[in-house]
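These notes concern the structure reproduced below.
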Amino acid sequence: MSQDTRTRPAEPGTRESLDGLDGGPSVSGADVLNRLWRFFISMRTGLWLILAMGLLSLAGTLLVQAPAGMSADPAAYASWLASIHSRYGGWTPVLDRMGLFAVFTSIWFKAIMVLLTTSVLACSVNRAPRLWKLALHPRTRMGETFFTHAPLRARVLVPADPDATTVYVGEVLTAHRFRTITDPDDQGINLYADRFRWGPFGTVVAHLSFVIILVGFFLSATTGFRDTNFVVPVGSTVQVGHGTGLAIKTMSFNDAYYPDGSPSDYASDLILYKNGVAVDRQTIRVNHPLKSGGVTFYQSFFGEAAAMKVTDAAGKTLYNDAVALAWTSNDGTHSIGQFNMKPKGIAVYVVVPSSGKPDPKIKAGQIQLEVDQDGKKEPIATQVVDQGKPATIAGLTYTFQRTRQFTGLIVAHDPGVPFVWLGSALLVIGLYLVFFFPHRRIWVRVRKTSGGTEVLCASTMKRDVAFKPLFAQLMTEVELAGAPSSTNREAGPNEEGKSNA
C-alpha cells in the first residue's frame, strides 16, 4: 500500500506544522484577550475574589498582626514572634511563612485587591454601554406575545380613534412623569414610556465606589502605616520613621483619676519636629489628636520608664535615654522595656515587677537587666541593679538613674481615608438610585379594531412591588380618560381581570 503524500489544506483553527514538528491549534492574541475579558466580567470570578478577600480579612482580624514597620528589623520581628509563640505554638512559623501575621500588607492581599478592582472595572465597562443605550435609545416596539404574557398587562377598548387615544394615553403617562416615545408602524401606533431611566446607572456608581474604596485600602496598605505601640518617655525624642522625617518629643505628661482609681484624663505635651526643626506643639488627649502632614498622633496609653545610661571601659557614652516599660510578661507579673546598642550587637531588657505584684528578687528602687548578644540564644548576663549605683556587666557600665513616665501613642498615616470616604458616599448614592429610583418601563400598542380602538399595555417590572399598584392606577386613568365602551384587563398573576360596559 502506497503512502498518500499529497498536501492537504489546513483545517480551520489550526496552523501548518513547521517541518512536521508543530501541528497544534493556534491561540491568537485576540483569543487570549477575549478569554481574559470573559474571566474578569464573570460574576463567578467576582464572587470568588470577594470570598478570598473576606477570608484574608477574617484572618487578619482573628490573628495578631505584627506592628507596622517591625518586619524591617529582623531582630525585633524575631523577638515579636517569640513573644506570641505561647499563643499559637507550633503553628507560629507556619502562619508566619504564609504571611498571616501581616495580612493587609501581604502579596496575597494586594494581588486579590488588584484582581478584584480589575474585575469590578471590567463589569462596569461591560454594563455601562447597555445602560446608556437603554436610557437614550430604548426598544419602543414589542411583539404580540409580549402583550399576552408580560407579568403586568392590561387591555382597554375605547370608542375614540387611534390618534386621539394615543394623545390621551400619552397625557396620562406624562402626568405621572413618564417619558413617552411614539413609534407608529403598519399595525398601529406603539408608545414607549419610562421613568427614572438613569436609575440603573446606580449599579455603575456602586461598582465605581467599590473600586474607589479598594484603591483607598490599597494606598493605605502600601504607603500608609499605623503604629499602635509608639512610646515616648518624658524628656525623650523618638523618630517616627517610615520616611516621614518626623520626630516627637514629650515635654510633660499629666494624668488624673476618679475616686475609684480609674483614669479620668491623661494628656501629653508634645513637640513635633520635621527634619530636626520644630513645626508644631500641642497638648493631646483622647479624641483630641495632633495632626500634621497627613500623620496623626493619638493619645492611647501611658506607663513608667527607666532612665538608663551605658558607658564603655573608656567612659564613652553608648546610651543615655529612658526605656519605656511598655511590655508585660506572659504571666502578667513583670513590666519589660528594651533598648539596643547596635554597634555593639547588644540588646538589653529592663525588667521590673508589675504594679501590685512584688518580686522578692527585685526590690523597690531596683531593676533587673538581661543582656543579649547577637548570635547567642541565651543571655550573656542577668543582674539586678540599684538606682543611682553603676554596675559593670559584660565589660559595660550600666546606671539606672531614675524613673520617668512615658506616653503611649498611636501614630497613623492613612492616605486612603479620603478615597474610602468618597467611595462610601458614592456607594450610598448608587444604592439609593438602585432601590428608590428603579427604571419603570411600559409598552403600549394602540390599534384600530372593529369595536373601536384597542389599547394594550404591558410591563416587565415583576420585582418592583411598588410599581404594581401604580400600573393599575395608570390603567384606571386611561379608562376614565378614554371613556371606554368596554374593558377587559388581563392582569398578572396578582391582579384580577376587570370588565366594564
(message) Would you confirm whether or not the range 127-137 contains a residue that is touching a helix residue (DSSP H, G or I) at 6+ places or on another chain (Cβ under 9 Å), in a helix (DSSP H, G or I) and within 26 Å of residue 414 (Cβ to Cβ)?
(response) no
(request) Go through the range 297-332 and give me each residue that's open to solvent by 30 Å² or more (accessible area, probe 1.4 Å), closer than 14 Å to residue 404 by Cα and not charged (D, E, K, R). (result) 302, 320, 326
(message) Could you tell me how many of the residues in the range 182-236 are assigned to a strand (DSSP E or B), open to solvent by 60 Å² or more (accessible area, probe 1.4 Å) and not hydroxyl-bearing (Ser, Thr, Tyr)?
(response) 3
(message) Here's a check for you: in the range 147-161, which residue that is open to solvent by 20 Å² or more (accessible area, probe 1.4 Å) and at pLDDT 90 or above is nearest to residue 443 (Cα to Cα)?
(response) 153
(message) Looking at (1) open to solvent by 20 Å² or more (accessible area, probe 1.4 Å); (2) under 24 Å from residue 136 (Cβ atoms); (3) modelled with pLDDT of 90 or more, which one does residue 473 not meet, given that it meets all the others?
(response) (2)
(message) Going through 80, 108 one at a time, which residue ends up being open to solvent by 60 Å² or more (accessible area, probe 1.4 Å), within 30 Å of residue 244 (Cα to Cα) and part of a helix (DSSP H, G or I)?
(response) 108
(message) For the list (1) open to solvent by less than 60 Å² (accessible area, probe 1.4 Å); (2) part of a helix (DSSP H, G or I); (3) touching a residue at least 12 places away in the same chain (Cβ under 8 Å), I need the number of the one condition that residue 87 fails.
(response) (1)
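The values are calculated or read from the model by the stated rules, or taken from the named source; none is laboratory data. The shown structure was predicted, so the numbers you read here are calculated from the model rather than taken from an experiment. For neighbour counting, all protein chains shown are included, and Cβ atoms are generated from backbone atoms with ideal geometry for every residue, glycine included. The area values use the complete protein model at the heavy-atom level, side chains included, leaving out ligands, DNA and RNA. Shrake-Rupley method; radii C 1.70, N 1.55, O 1.52, S 1.80 Å.
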